[in-house]
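J.: Please see the structure below; I have some questions.
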Amino acid sequence: MSFRLKILHVFVLLGILVTALPNAAKADALVTFAGTTYDISTITGTYAANASVIDATPWFGNFTLASNLSEALGGALGYQTLSGTSQQWGPFFAFFNDTALHSVDSYTYTGGPSPGELFPDNGNVFVYTWAVGSVVSTTPEPGTLSMALAGLFGLGLLVAVKRYRENRPATTA
């Protein structure tokens, strides 16, 4: 096998590896529900201090999505123990903010006999662990795309050089 062909194989394998590497390293947890994948992590604090982040989650305003993601996540991101209880609670998936009652409704995985529980909170006093996240985009990252294009360009350049050398006129000395 010629040196150029070995170089070509190395570049092709590198291109395959780069495009095949998962981009999930940035996520605390990836959860798929109804064909959509969510990147879920946690923050700790009062609802009032984190309202803008919590309200921006895809499950805010959707009890069904909040409860299903909580159940699918389970204890993957750990548990919190609330003061005065011995019960282990997963992160709270807030889905409703009743400003009239100064109440935030959340769903949490309990890991106990009942899989989850509704949890109302006044939003301003207690520090909890809240689930936050976003929908994972299926669009490739710009770095992955540029690496794939660079590999294709290099492959094309090698083919062009090979064809040029095969078709050039013989020189006489």
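J.: Determine, for TRP130, TRP89, the number of other Cβ atoms within 10 Å of each Cβ, and report the residues in order from fewest to most.
T.: By the 10 Å Cβ count, ascending, the order reads TRP89, TRP130.
J.: Can you put TYR79, TYR38, TYR107 in order, fewest other beta carbons within 10 Å first?
T.: TYR79, TYR38, TYR107
J.: What order do you get for LEU69, LEU149, LEU30 when you list them from fewest to most C-beta neighbours inside 10 Å?
T.: With the fewest neighbours first, LEU69, LEU149, LEU30 line up as LEU149, LEU30, LEU69.
Bear in mind these aren't lab numbers, they're just calculated from the coordinates by the rules spelled out. These numbers were taken from a predicted model, which means no experiment stands behind them. Cβ: placed from backbone, ideal geometry, glycine included. Neighbour counts: every protein chain shown.
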